[in-house]
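Visitor: Quick one: this structure, given as structure tokens, is what I'll be asking you about.
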Amino acid sequence: MSNEFRINYTNPRTSIPTPEKYEGYDLESAFYDYKPKGLTVTLEIDGYSLPMSSSRFIEFVLACLPLAEQLRDLPPETPHQLRKHFPEVPSDFKFYSWMFVDFMQWFPIIIFATDRSMTWIYTRTQDESKEHPLIVLPERDREKPVKVPRNLVIKEICVFLTRYLDDLSSAIPFIHSDTLYKKYRARIAALQMSRVLFS
């Protein structure tokens, strides 16, 4: 794994009360029920550090799989005006992003620009009080991108999600029969078998 892009996952695996399996209970319900004390994740990008717990942790989990699939498949970009902020990025790169809105006014945004081989990772902050809200927050963001092979970004996400789902399903065994859980596992397996990871 790259030392420049890390998802540091901490889980002391303390016991939790067994949740009620009500009608419609699925994997996303389990995300909100599985909260052992000390469950955290910290996104680290070559000196940048963004710790997340509680609802921020869940928001991060929900963002991971779609991003990994975007980096694998390189679909058309969602219009979001990111490109104009990074004129130095070659025109053949595609832009994708994570945005974490549960940080009050200062929303962390992680931008991934990729040309199939390398991924340029930028850290920025969206300041809702400004006309041009994409800024470099001095105490948090990096001005320059960190350049990481695309396959290593996907691998890091897969390792994190696999570990987390292993822990969650051990604590809530009935989730193994959930359709959404099975789909998540199948999507992760498809990423792990992707030729992108072996290129």
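The values are calculated or read from the model by the stated rules, or taken from the named source; none is laboratory data. Note that the structure is predicted; figures quoted are calculated from it, not measured. Note that we place each Cβ from the backbone using ideal geometry, even for glycine, and neighbour counts take in every protein chain shown. For accessibility, only protein heavy atoms count, side chains too; no ligands or nucleic acids. Shrake-Rupley method; radii C 1.70, N 1.55, O 1.52, S 1.80 Å.
Visitor: Only residues that are open to solvent by less than 30 Å² (accessible area, probe 1.4 Å) and touching an Asp or Glu at 6+ places or on another chain (Cβ under 8 Å): list them for segment 138-160, please.
Guide: Those that are open to solvent by less than 30 Å² (accessible area, probe 1.4 Å) and touching an Asp or Glu at 6+ places or on another chain (Cβ under 8 Å): Val146, Val148.
Visitor: Does segment 158-175 contain any residue that is closer than 26 Å to Tyr32 by Cβ and touching a Ser or Thr at 6+ places or on another chain (Cβ under 6 Å)?
Guide: Yes, segment 158-175 contains a residue that is closer than 26 Å to Tyr32 by Cβ and touching a Ser or Thr at 6+ places or on another chain (Cβ under 6 Å).
Visitor: Would you confirm, using the coordinates I've provided, whether Arg163 is open to solvent by 50 Å² or more (accessible area, probe 1.4 Å) and either assigned to a loop (DSSP other than H, G, I, E, B) or touching a Leu at 6+ places or on another chain (Cβ under 7 Å) (or both)?
Guide: It is false that Arg163 is open to solvent by 50 Å² or more (accessible area, probe 1.4 Å) and either assigned to a loop (DSSP other than H, G, I, E, B) or touching a Leu at 6+ places or on another chain (Cβ under 7 Å) (or both).
Visitor: To continue, here is another question. Looking at segment 95-106, can you tell me whether even one residue there is in a strand (DSSP E or B), within 30 Å of Arg195 (Cα to Cα) and open to solvent by 60 Å² or more (accessible area, probe 1.4 Å)?
Guide: Looking for residues that are in a strand (DSSP E or B), within 30 Å of Arg195 (Cα to Cα) and open to solvent by 60 Å² or more (accessible area, probe 1.4 Å), one finds at least one in segment 95-106, hence yes.
Visitor: Could you tell me which residue of segment 62-94 is farthest from the chain's Cα centre (by Cα), considering only residues that are farther than 25 Å from Pro133 by Cβ and surrounded by 12 or more Cβ atoms within 10 Å (Cβ to Cβ)?
Guide: Leu74
Visitor: Taking the condition within 21 Å of Phe160 (Cβ to Cβ), modelled with pLDDT of 90 or more, assigned to a strand (DSSP E or B) and open to solvent by less than 10 Å² (accessible area, probe 1.4 Å), does Ile111 pass?
Guide: In short, yes.
Visitor: Go through segment 181-192 and report how many residues are farther than 16 Å from Tyr34 by Cα and either surrounded by 16 or more Cβ atoms within 10 Å (Cβ to Cβ) or in contact (Cβ under 8 Å) with a residue 12 or more places away in the chain (or both).
Guide: Count: 6.
Visitor: When residues of segment 62-75 are filtered for being without any contact (Cβ under 8 Å) to a residue 60 or more places away in the chain and in a helix (DSSP H, G or I), how many remain?
Guide: The number of residues fulfilling the criteria is 5.
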